[in-house]
Amino acid sequence: MYKNYNMTQLTLPIETSVRIPQNDISRYVNEIVETIPDSEFDEFRHHRGAKSYHPKMMLKIILYAYT
């Protein structure tokens, strides 16, 4: 399985939903990636070693880095 992936994490020092503008590109990236079903990433799952980060989170990082 994957490491815990929680977009509503409460331990952040700021509330991201308030601090990030509504028209920020990160919100659009998040909306697009969240429309992809988790089943699309099943073939990339490995059952060996430590838990990996969720593929959606990694995809968001890559897409945001290229914007």
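The values are calculated or read from the model by the stated rules, or taken from the named source; none is laboratory data. In this text, all values refer to a predicted model and were calculated from it rather than measured experimentally. Every residue, glycine among them, receives a Cβ derived from its backbone with ideal geometry; neighbour counts consider all protein chains shown.
At-a-glance table
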item: Answer residue from the range 7-18, given it is of a type outside the set (Ser, Thr, Tyr) and loosely packed, with under 10 Cβ neighbours inside 10 Å and is modelled with the lowest pLDDT among those; result: Leu12
item: In the range 27-59, the residues that are surrounded by 13 or more Cβ atoms within 10 Å (Cβ to Cβ), out of contact with any Asp or Glu (no Cβ under 9 Å at 6 or more places or on another chain) and within 16 Å of Tyr5 (Cβ to Cβ); result: Val29, Asn30, Val33, Phe41, Ser52, Met57, Met58, Leu59
item: Complete set of residues in the range 23-67 that are touching a helix residue (DSSP H, G or I) at 6+ places or on another chain (Cβ under 8 Å), polar (S, T, N, Q) and not in a loop (DSSP other than H, G, I, E, B); result: Ser26, Asn30
